[in-house]
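Inspection log for the structure reproduced underneath, given as structure tokens.
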Amino acid sequence: MGEVLGVAMYPIKGAQPATVDGETPRALEATAAGFRFGHFGDREFLLAAGEEEGPLTIVTPRGWDDDRGPRTIHKDDRYLASLAVDLASGGESLHLTRRDGDRYSVSLDEQPDEPGLREVHIHGGRFMGIDWGDEAAEFFSGVVGRPVRFLRTLPSGLRTLGNGERSHARAADAHPYLITNQPSLDYLNDLAGTDVPMSRYRPNIVVATEAPNPDAEYAYLDEDTANIIRVGDKWFRVVSASGRCIVTTMNEHGELGGDGLRILEPRKGRKLKSSVPHPDDDRGKFFGDNAVLSGMFTGSKLVTVGDRVEVVARTAPHVGLDKPVKAKRS
């Protein structure tokens, strides 16, 4: 048994989590496609780059170019992580601030006069997006220092993942929700002697459930065997463990150098249960659970800080870890 410590949504993929009138939200509406607040959904908007004609490739702080595999090509893409996002309290508009102080607002009541549809590739998968026009493209090109387009994912429907599965997620890597456990991060920080904040892992729901056994041989976490998680009056089904990347080493200014990956060394291994965007994603360093909303009781659609959390069904571990951690403890 535990509780919700925090909720977050990211209206623009790769940018900062949204505030609401400058404050961290304490409740968000749960939908099959991810969290919503007012008119806006989680990862509903994105940046993409490519030729004037033909498919575009998604832009994230990783700086990857999908045509060249999972390695950093565009180093300044990391500054997307510095883009501040604020929702109006009525949920009718987004107010964005670049690191140079330049600002731009997005309202669904002011869509482009002649919106064009573009195909976007994301980790071997694809979906269609609505191009928001040249003015938006100019603002966002200034965020990452190269020509990009600003797009909105289509309001409804499923998209195809890299492994051929279909997902309700909009521009999330694969699945609509990422759930992390604060006691697990505290344990990993304690092992490494660090103080990495949870924000480095960009979760949607932060919970507090069981803490890991500090005397265990391997760094298995309570969430590694979670199958169905009840949050308030909603049920979430865990699809896979979340493999982590270089974004966990970036701060809110897009600067590199944090310990977000280093503290996951005891979590190095392979996925045993997964829906994998990349064929090589079955190996990596893992923290958090990718999940989908699988049902709701009659009641509020909101996930709220303080909601009760309970793992109501378990399964075999989602990951197989490579090495014991006892020898690393002081």
Approximate spin-label separation residue 135-residue 312, in nm, with each point projected 7 Å along Cα-to-Cβ: 4.8
Express in % the proportion of alpha carbon pairs of region 99-141 at distances exceeding 13 Å. 64
Report the residue, chosen from 41, 14, 295, that carries the largest GNM mean-square fluctuation when the chain is represented by alpha-carbon nodes joined by springs under 10 Å. 295
So if a site counts as exposed when it's one of the GluC sites (Glu not before Pro), its DSSP state isn't H, G, I, E or B, and it has at most 14 other Cβ atoms within 10 Å, what's the longest stretch of the chain without one? 93-209
Approximate spin-label separation residue 158-residue 100, in nm, with each point projected 7 Å along Cα-to-Cβ: 4.3
Spatial separation of Cα centroids for region 45-63 and region 98-138, in angstrom: 10
What percent does the relative contact order of the chain come to when contacts are Cα pairs within less than 8 Å and at least six residues apart? 21
With a 1.4 Å probe and every protein chain kept in, tell me what percent of the accessible surface of the chain is carbon plus sulfur. 47
For the residue pair residue 146 and residue 190, what label-to-label distance in nm results when each label sits 7 Å from Cα along the Cα-to-beta-carbon direction? 4.3
Suppose every Lys and Arg Cβ carries +1 and every Asp and Glu Cβ carries -1, with no other charges. What dipole size does the chain come out with about its Cα centre, to the nearest 20 debye? 1240
Between residue 107 and residue 302, 0.36 nm times their residue separation minus their Cα-Cα distance comes to what? 67.9 nm
Using only the alpha-carbon atoms, how far is helix 134-144 inclined from the longest principal axis of the chain? Give it as 0 to 90 degrees, nearest 10. 40
Round to the nearest 10 and give me the degree value, 0 to 90, for the angle of helix 182-192's Cα axis relative to the longest principal axis of the chain. 70
Return the long-range amide H neighbours of residue 83 (sequence gap of 5 or more, or a different chain), with a cut-off of under 5 Å between placed amide H atoms. 16
Using a 1.4 angstrom probe on the protein heavy atoms only, line up 301, 234, 285 by accessible area, largest first. 301, 285, 234
Hull shadow area, averaged, the chain [alpha-carbon convex hull, nm²]: 16.0
Under a cut-off of 18 Å between alpha-carbon atoms, report the aspartates and glutamates in cross-link reach of residue 271, not counting same-chain residues fewer than 8 places apart. 165, 173, 222, 223, 224, 280, 281, 282, 289, 322
In whole Hz, the Karplus estimates of ³J(HN,Hα) for region 45-54 (6.51, -1.76, 1.60; θ = phi - 60°; x where Gly or Pro) are 10, 7, 9, 8, 9, x, 6, 4, 10, x
Using only DSSP helix segments of four residues or longer, with each worth -39500 (n - 2.57), what per-residue ellipticity at 222 nm results for the chain after dividing by its residue count and rounding to 500? -2000 deg cm²/dmol
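The values are calculated or read from the model by the stated rules, or taken from the named source; none is laboratory data. For clarity, every value in this text was computed on a predicted model and none was experimentally measured. Positions of Cβ are generated from backbone atoms using ideal geometry, with glycine treated the same way; all protein chains shown enter the neighbour counts. The protein model used for the area step is the full one, side chains on, heavy atoms only, and it has no ligands, DNA or RNA in it. Shrake-Rupley method; radii C 1.70, N 1.55, O 1.52, S 1.80 Å.
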